[in-house]
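Here's the structure we're looking at; comments come further down.
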Amino acid sequence: MQNNTFSTLFVGQNLIKLLEVDSTNNFIKDLVSNSEPLTEGTVIMADHQFAGRGQQSNVWRTEPGLNLTFSLYLKPAFLAIPQQFLLNMAVSIGIRNALQIFIKEGVKIKWPNDIYHNDRKMGGVLIENMLAGSTFKASIIGIGLNVNQCIFAPELADRATSMKVILQEDVNLIRVLAEICSNIEKQYLRLKSGNYKELLNDYVSGLYKFDTLASYRQNGEIIEGKIVSVTEAGMLVLLINGEKKEYNFKEIEFLNHTI
């Protein structure tokens, strides 16, 4: 445990660095389940995460020491449980805004919470909420970001990218982490202030393929539509043949080409 010089009020001020762990999300869950006092804004960072997970139990692969794999502990008790996707929006906007400091164009959020540069994935977010009755006890936000990795598994070679690939230079991991912590904190405080409409508009306008006619796969069928919104509960809203339709996670698959 150590203090940092991050220019934040609380996010990242308590940073715990690990050489190796199965999952930084699991590490925080173990601390909390053992009744360890954990400060809001605590960040657990690992050089190597050998069992990292993405959405829907997908595996997150990363080369040791080259990328950012960390988890953030927050206590959004001010949110109602049906509003939990708003936290996802705030975190995703924070990461996007931080990366735009380094990469001027092409950084987007792919619904619900992947980070893309043009048509390639740079990173992703996995949020695990801990509930107590009808309120939030805590949220554990796992973030994986390709920073200095240049070689990817063959099945990912045409779909993945990193900051180094984009910028053609090495990037300081701690500087990127500091910017992400600072920008997530700004969005979290905006969320806490209750300005949900502004947050939603910011999230939607920065989505990958927003307001662009594109192809998607739904129940094995290819459909064409435009992303026009996201509901407060996190449903993706597509405009298809003049009609708005809502889709939940994994109900629709992005196809990487536009019409």
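Determine, yes or no, whether residue 97 is open to solvent by 50 Å² or more (accessible area, probe 1.4 Å) and out of contact with any strand residue (DSSP E or B) (no Cβ under 8 Å at 6 or more places or on another chain). Answer is no for this residue. The set of residues in the range 75-100 being among the hydrophobic types (A, V, I, L, M, F, W, C) and assigned to a helix (DSSP H, G or I) consists of 81, 85, 86, 87, 89, 90, 91, 93, 95, 98, 99. Among the residues of the range 145-157, is there at least one that is in a strand (DSSP E or B) and at pLDDT 95 or above? Checked against the condition, which is being in a strand (DSSP E or B) and at pLDDT 95 or above, the range 145-157 yields at least one hit. For the range 211-230, the criterion of being buried (at least 17 other Cβ atoms within 10 Å of the Cβ) and under 12 Å from residue 86 (Cα atoms) is met by at least one residue. What about residue 109, is it touching a helix residue (DSSP H, G or I) at 6+ places or on another chain (Cβ under 6 Å) and surrounded by fewer than 17 Cβ atoms within 10 Å (Cβ to Cβ)? The answer is no for residue 109.
Taking each residue of the range 178-204 that is farther than 25 Å from residue 70 by Cβ and open to solvent by less than 20 Å² (accessible area, probe 1.4 Å) and looking for partners that are assigned to a helix (DSSP H, G or I) and of a type in the set (S, T, N, Q) with beta-carbon atoms closer than 7 Å, six or more apart or interchain, yields nothing.
The values are calculated or read from the model by the stated rules, or taken from the named source; none is laboratory data. None of these values were measured; they are calculated from a predicted model. Note: ideal-geometry Cβ built from the backbone for every residue, glycine included; neighbour counts use all protein chains shown. With ligands, DNA and RNA removed, areas are computed over all heavy atoms of the protein, side chains included. Shrake-Rupley method; radii C 1.70, N 1.55, O 1.52, S 1.80 Å.
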